[in-house]
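Student: Quick one: the structure is below, questions incoming.
What follows draws every value from the coordinates through simple rules; no lab data is involved. Computed from a predicted model, the values in this text were never measured in an experiment. A quick note on method: Cβ atoms are made from the backbone with ideal geometry, for glycine too, and the neighbour counts reach across all protein chains shown.
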Amino acid sequence: MSSLRASDVEIVGFNGAPRVECGRSLPVARRKSDGMYCVLDLNRVMDTIIWHNSEEATEFANAGRWTELINPVCVPNTCIELETNIITAQPMVIFENETLLDVADRIPKPDHHNGEYLHWQPLKKDHPDYFAACASESAVEAMLNDWAEGLLKRFDAMMGAHRHRTDLKRIADFALCATRSRTLRWKAFIRYAASQEPDKVQRTFDRFIHAEFPQVSWDVFVSELKTLRDVWDAQPVFQQDLRVTSTSGSVTSKVKDIVSAPRPKLVRL
């Protein structure tokens, strides 16, 4: 169990580097009493947490093993036992690229979640469009799922407006990056497949979807794709949504090609 007092540590970064558009990672903490650093992982026995001096911390940051925040933030109150000031629940850092929020029509980057305040900070060095905040693990998971839901709604709106396949695939990619929920991940995979050329859909199903959801058959997958196609076809299209390039074509017509085709033989790759 942790014996770290929240008043003696501050969150100065997170473990790893932001190589995707959003995600979560264990926080890097600095001890105020002696300036030593660690990856704050409460799953480890306290005696096994490794502390590093400032020179080692700088080396880790320069090597991309740690990512620094512009300004330190406090350990979230929801992770602290107030009577003892001991950190008793795992803090987690959530990070995001502003492009992801733009693509989803500016889904929110909240300043609080269920009464838990978030102090968003830019990242140092080579990540100018990224921001990060520290919150409880449950809050971080919920925020990532909120973003995934916003991206999926944006996908459906753009599919109904016959947007270009490249745009749709990008939104589905971002949703897969964000989601922590298995249910949302299934929805994101369905939309990712719908954004592809018909001749690539079975490979996507076999390599990714069926591998992650082995209980789902091709017939079930195609049936759900057909249901979504009917929903997309029934959506009203507003003039402001029709920002389509001359080469875009109708993606829903491609979906019709998929669901009307005979069942292919699954190819194991």
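Student: Please work out the FRET efficiency for the pair E98 and H119, using the Cβ-Cβ distance as r and a Förster radius of 22 Å; give the result to the nearest 0.05.
Tutor: Efficiency for this residue pair is about 0.85.
Student: Using a/c under 1.5 as the rounded threshold, could you call the stretch 6-143 rounded, prolate or oblate? The axes a ≥ b ≥ c are square roots of the C-alpha gyration tensor eigenvalues, and prolate needs a/b larger than b/c, oblate otherwise.
Tutor: Judged from the Cα gyration tensor, the stretch 6-143 comes out oblate (a/c at least 1.5, b/c at or above a/b).
Student: A further question on this structure: Using 0.36 nm per residue, how much length does the chain from D111 to N43 gain when fully extended, once their Cα-Cα distance is taken away?
Tutor: Gain in length upon complete extension: 21.7 nm.
Student: Take L82 and A211, extend 7 Å from each Cα along the Cα→Cβ direction, and tell me the distance between the two endpoints in nm.
Tutor: The two pseudo-label positions are separated by 4.8 nm.
Student: Take peptides 108-119, 65-76 and line them up by average Cβ neighbours within 10 Å, highest first, as a rough protection proxy.
Tutor: 65-76, 108-119
Student: Using Cα-Cα distances under 8 Å and only pairs 6 or more residues apart, what relative contact order does the chain have, in percent?
Tutor: The value is 16 percent.
Student: Here's another thing I want to ask about it. Taking 0.36 nm per intervening residue step and subtracting the Cα-Cα distance, what contour gain separates H127 from K226 on full extension?
Tutor: Gain on extension, H127 to K226, equals 31.6 nm.
Student: Run the Debye formula on the Cα coordinates of the stretch 100-139, all scatterers equal and no solvent, and tell me log10 I(q)/I(0) at q = 0.16, 0.23, 0.33 1/Å.
Tutor: Calculated log10 I(q)/I(0) at the listed q: -0.49, -0.89, -1.08.
Student: Still on this structure, I have one more. Across the chain, how many lysine pairs, 8 or more apart or on two chains, come within less than 15 Å at their alpha-carbon atoms?
Tutor: 11
Student: While we're looking at this one, here's another question. May I ask for log10 I(q)/I(0) of the chain at q = 0.10, 0.11, 0.14 Å⁻¹, from a Debye sum over the Cα atoms as equal point scatterers with solvent left out?
Tutor: -0.62, -0.72, -0.96
Student: Between E56 and S7, what length in nm is gained on full extension when 0.36 nm per residue of separation is reduced by their alpha carbon distance?
Tutor: 15.3 nm
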